[in-house]
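S.K.: This is the structure, below, for whatever I ask next.
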Amino acid sequence: MKTLNLGLIGAGYIGHSMALAYRAVGALFPDLPPIRLAMLADANDAVATKAAQRYGFAASTGDWRTLVGDDGVDIVAIATPNHLHHDMALAALAAGKHVHCEKPLALDMREARAMADAAARAGTRTIVGYNYLHNPMIRLARRMVARGEIGRVVHFRGFHEEDYMTDPALPFSWRCERKYAGAGALADLGSHIVSFADALAGPIAELAADVATVVAERPVPGGGMRKVENEDQGQFLARFASGATGAISASRVATGRKMGLAFELVGTEGAIAFDQERLNELRVYRAKDPSGARGFATILAGPEHPDYAAFCPAPGHQIGFTDLKTLEVAHFLGAIRDGRPAEPDFATALRYEAVIDAALRSAESRAWERVER
Ligand SMILES: NC(=O)c1ccc[n+]([C@@H]2O[C@H](COP(=O)([O-])OP(=O)(O)OC[C@H]3O[C@@H](n4cnc5c(N)ncnc54)[C@H](O)[C@@H]3O)[C@@H](O)[C@H]2O)c1
């Protein structure tokens, strides 16, 4: 099997996770194409050199265009702030690379459409970093829905809430600025819960949203205050194409919540509940259980569930955040090996972007808006 050479751009929070995942994947999934850590790029040479040494990349550069233009690189992984995804992905696709891009796909629909179009033309594989979708428990939930185990899905209620920006003393950063982040909590966190909604209840057709910026201005490093340009929290009522209804919210100022990516999925014959703060558990209610013995059962992740066994032969021993990134990478490499689309690729992630776009339009118009791709 041909070795695939990885070029990673960005060695921050999620770049770290990506580097660890690409390092580990070969040992966990020996049937996938082997990975060589070929080159790491970050914003300047010194940062890139240090990160490359830490993770074991063969080369480094302070200029991402050098990495994208390198004939030896097969996969470009983009782990940089949102405003850079578009240019980096387009350049990588034009150079014939497979592209692993962090979420959200882009700053806005214009960029996201261009990226999905370029991916369709390129014929190489793409995947977007919705790592939580690759949790064995989420894959189990999807399988249950597909098999009709909870009947017809009639409602999805979900949120992604964290409190990483609750403190008003937290400095202004790229996440607060439209030209670098796009939307706020809806893009950063809401896109994850939208990815769950889409995977479990199908595409969202229309919605009615509201947004709020709770901390209106933040201190600028070096002095002074600066206005926060995007929302701290956003929520919407949704109507799915299937006719199911939904209620979805996102917040980066949800005091007490660290990784509150949670949902309840209601079907005519059962229900499924999940919370990423307990990522190895899926709670399932089956209406067909005997009367008097019905209730939510907690299923602990184990080797019977998709891909858990790669980490551990024993149930209940638990996997973690970087393991989900590794499962995402494994899924991507399988798609490259087999010549099939990865999930979610740029085309699927465009659907999530369209939901965020409709939510922002609805918050502005104060009316229901259709999701338009
Ligand atoms: N999938 C997830 O669970 C998850 C979690 C966190 C962040 N993210 C996404 O990952 C992306 C990066 O976020 P982060 O939290 O890692 O940010 P970060 O600020 O921690 O890291 C970004 C890195 O990109 C580098 N960088 C910036 N400009 C660059 C350039 N022009 N060329 C090369 N490198 C450059 C920075 O130096 C830094 O090392 C965002 O799109 C974010 O939404 C995803």
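What follows is calculated from the coordinates using simple rules that are stated; it is not laboratory data. None of these values were measured; they are calculated from a predicted model. Every residue, glycine among them, receives a Cβ derived from its backbone with ideal geometry; neighbour counts consider all protein chains shown.
S.K.: Just the number: Rg to Rh for the range 4-131, Cα atoms, Kirkwood Rh, two decimals.
M.R.: Numbers: Rg = 13.6 Å, Rh = 14.4 Å.
Expressed as Rg/Rh, it is 0.94.
S.K.: Over the chain, calculate the relative contact order: mean separation of alpha carbon pairs under 8 Å at least 6 apart, over the residue count, as a percent.
M.R.: Normalised by residue count, the contact order of the chain is 19 percent.
S.K.: Based on the Cβ-Cβ distance from Lys2 to Thr322, what FRET efficiency comes out when R0 is 45 Å, to the nearest 0.05?
M.R.: 0.95
S.K.: So what is the diffusion coefficient of the chain in µm² per second by Stokes-Einstein at 20 °C and 1.002 mPa s, using a Kirkwood Rh over Cα pairs? Before the final figure, lay out each step's value.
M.R.: Values: Rh = 21.3 Å.
Rounded to a whole number, D works out at 101 µm²/s.
S.K.: Can you list which of the GluC sites (Glu not before Pro) found in the range 243-352 are DSSP loop residues with at most 13 other C-beta atoms within 10 Å? Provide the component values of the computation, followed by the final result.
M.R.: Values: sites: Glu264, Glu269, Glu277, Glu281, Glu304, Glu328; in loops: Glu269, Glu304.
Sites meeting the loop and neighbour criteria: Glu269, Glu304.
S.K.: Something else: Tell me which of Ala187, Ala169, Gly224 sits at the most positive position along the dipole axis of the range 97-237, charges placed on C-beta atoms (Lys, Arg +1; Asp, Glu -1).
M.R.: Going by the charge dipole, the pick is Ala187.
S.K.: Count the net charge of all other residues whose Cβ sits under 14 Å from the Cβ of Tyr308, scoring Lys and Arg as +1 and Asp and Glu as -1.
M.R.: Net charge in that neighbourhood comes out at -2.
S.K.: If one computes P(r) from the Cα atoms of the range 233-281, what percent of pairs lie at distances over 16 Å?
M.R.: Considering the range 233-281, 53 percent of its Cα-Cα pairs are separated by more than 16 Å.
S.K.: Among all helices in the chain defined by DSSP H, which have a length of 18 Å or more along the axis from Cα atoms plus a Kyte-Doolittle mean of at least 0.5?
M.R.: The qualifying helices are 13-28.
S.K.: I need the fraction of alpha carbon pairs in the range 145-284 separated by more than 28 Å, rounded to a whole percent.
M.R.: I get 25 percent for the Cα pairs in the range 145-284 exceeding 28 Å.
S.K.: Given Cβ point charges of +1 (Lys, Arg) and -1 (Asp, Glu) and nothing else, what value in debye, to the nearest 20, does the dipole of the chain about its Cα centre take?
M.R.: Using Cβ point charges on Lys, Arg, Asp and Glu, the chain gives about 500 debye.
S.K.: Can you pull out the chymotrypsin sites (Phe, Trp or Tyr not before Pro) in the range 140-229 that DSSP calls coil and that have at most 16 other Cβ atoms within 10 Å?
M.R.: Tyr164
S.K.: Evaluate the Debye formula for the range 60-158 with equal point scatterers sitting on the alpha carbons, no solvent, and hand back log10 of I(q)/I(0) at q = 0.16, 0.17 Å⁻¹, in q order, two decimals.
M.R.: Here log10 of I(q) over I(0) equals -0.76, -0.81.
S.K.: Taking the alpha carbon gyration tensor of the range 214-373, what are the square roots of 5 times its eigenvalues, largest first, to the nearest whole Å?
M.R.: 33, 23, 21
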